[in-house]
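Shown next, in structure tokens, is the structure this report addresses.
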Amino acid sequence: MSIPSEIFATVYLVASVLFILGLKGLSHPSTARRGNSLAMTGMALAVVMTLLSPTIDYANIAWILGGLGAGALIGIPLALKVKMTSMPELVAILHSFVGLAAVLVGIGTYLLHAAGGDHVGLLLTVEVFVGVFIGAITFTGSIVAFGKLSGKLGSAPVRFPQLGNLALAIAMTALGVAFAATHDTMWLYAMTAVALVLGVTLIIPIGGADMPVIVSMLNSYSGWAASATGFTLENNLLIVTGALVGSSGAILSYIMCKAMNRSFISVILGGFGTGDDAEGPAVASGKMHKTAAVDDAVFMLANASKVILVPGYGMAVAQAQHSVRELTDLLAERGVDVKFAIHPVAGRMPGHMNVLLAEADIPYDIVFEQEEINSEFSDCDVALVIGANDVVNPAAKTDKSSPIYGMPILDAYKAKLVYCIKRSMKPGYAGVENELYYADNCMMIFGDAKAVCEKLASAIKES
């Protein structure tokens, strides 16, 4: 007995509502788990109802179940073993899967209609064109982002003429028009190839400083690719789901650009900086940095009234979040008012630092966003910067010639004393030297963030 269409519509509506509630839950760490649960419940309902659809050819159900099984066999072990420090590149590679799926579904759907002798109208060709080109750009662009985030590709921008991107975009559009006019799959395949190349050339010029924005932008692309696929398959839930992901990703990209004082167009047209591997001099404008021993920092931290910790990607690389948690607890036991300051683009993806701190069970009520905490640095005894760089660089406020000028920063330089834990004096991901390191109130503690934080915690425990 077939299920009435009204039942399908109702369940799809419920799933859509659950997706919306899931997104709402992800807006704060305290409700993120619930949000994930609601979204997963919605997806489970969507999958089950889709499998019960009368449009499913049950003679080929083995292929569907096989695909689900293969995905589970790959996805579950990855989810269980992935480190929180590797989440940015995992997100990027997952975006690439969505893009590839959109390409395959678009081409496959068109071939299926053409082979069945169905009338292929302009609407379907346009839907296929849009879904395939967005999916192809998302696929290769996400692979490049994965390479940059995982270190397999250099974080430095690879210069590519913007007129070249414009030429590729025009060629892709012309090929799409030819496909819509002739229904010749040769033009579809050629358009797909150009779009795959365009995905690489769009993302490879992006420098390290802009990668958080690129991650959210690719998230948006993957959503629009899914939504376009929904139109091709005439699946309302896929349209709604893709639109939710696409619009939320676009809004997040706007927020990230605003946090960096960057226009979205400037990010798309190419990044800046030379990445983590760029050599930075030990002397800037005739100034010398000062170093501090762990024991000196321990004395100042233990006797402070207020300490603000600023985590960055260096903490993530060293997997120092649990050592930071121990240090936080020990200071709190001594009556020190400890808070965390989070910059919107700290790390390699939106929310990276929040996720790491949550993994270490650091209380939400001592973690503050930039606009909430910035005014407190001026009455802070010690600011402890753990692996952060560009997001605390005063050059963003003082040096009009700096590539990061105008980017809102955490005002760690206003603290009475600043300790910066860093491996070396090399510039951060933006490739810009940090003026904070040469300030009179700043001292450098060189070493691995985890090792240094462990030494700090051990010394405080023994003092």
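Condition check ((1) on the phi < 0 side of the Ramachandran plot; (2) modelled with pLDDT of 85 or more) across all residues:
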{"site": "LYS258", "(1), (2)": "yes, no"}
{"site": "ARG262", "(1), (2)": "yes, no"}
{"site": "SER266", "(1), (2)": "yes, no"}
{"site": "GLY273", "(1), (2)": "no, no"}
{"site": "GLU279", "(1), (2)": "yes, no"}
{"site": "THR291", "(1), (2)": "yes, yes"}
{"site": "ALA297", "(1), (2)": "yes, yes"}
{"site": "ILE308", "(1), (2)": "yes, yes"}
{"site": "GLY314", "(1), (2)": "yes, yes"}
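Scanning region 404-463 for residues that are over 29 Å from the mean Cα position of the chain (by Cα), modelled with pLDDT of 85 or more and among the hydroxyl-bearing types (Ser, Thr, Tyr) yields TYR438, SER458. Every condition in (1) farther than 24 Å from LEU356 by Cα; (2) open to solvent by 30 Å² or more (accessible area, probe 1.4 Å); (3) in contact (Cβ under 8 Å) with a residue 60 or more places away in the chain holds for TYR313 except the one numbered (1).
Quick test for you: out of LEU45, LEU122, LEU65, LEU51, pick the one residue that is over 30 Å from ASP184 (Cα atoms), open to solvent by 80 Å² or more (accessible area, probe 1.4 Å) and more than 27 Å from the chain's Cα centre (by Cα). Just one listed residue meets the conditions, LEU65. Taking the criterion of being part of a helix (DSSP H, G or I) and of a type in the set (Ser, Thr, Tyr), the only residue of region 412-435 that qualifies is TYR413.
Of everything in region 389-411, what is open to solvent by 30 Å² or more (accessible area, probe 1.4 Å) and either touching an Asp or Glu at 6+ places or on another chain (Cβ under 9 Å) or in a helix (DSSP H, G or I) (or both)? Give them in sequence order. Residues satisfying the conditions are LYS397, THR398, ASP399, TYR405, PRO408. Under the condition of being open to solvent by less than 50 Å² (accessible area, probe 1.4 Å) and either aliphatic (A, V, I, L, M) or touching a residue at least 60 places away in the same chain (Cβ under 8 Å) (or both), the residues counted in region 166-192 number 12. Residues considered: ALA415, ALA451. Of these, the only one that is of a type in the set (A, V, I, L, M), buried (at least 19 other Cβ atoms within 10 Å of the Cβ) and within 23 Å of SER323 (Cβ to Cβ) is ALA415. The condition of being closer than 30 Å to HIS28 by Cα and in contact with a strand residue (DSSP E or B) (Cβ under 8 Å, 6 or more places away or on another chain) does not hold for TYR405. Counting residues in region 148-155 that are out of contact with any helix residue (DSSP H, G or I) (no Cβ under 8 Å at 6 or more places or on another chain), at pLDDT 85 or above and not basic (Lys, Arg) gives zero.
The values are calculated or read from the model by the stated rules, or taken from the named source; none is laboratory data. These figures come from a predicted structure and were not determined experimentally. Glycine gets a Cβ as well: all are built from the backbone with ideal geometry, and neighbour counts include every protein chain shown. Accessible surface is based on the protein model in full, side chains and every heavy atom, while ligands, DNA and RNA are left aside. Shrake-Rupley method; radii C 1.70, N 1.55, O 1.52, S 1.80 Å.
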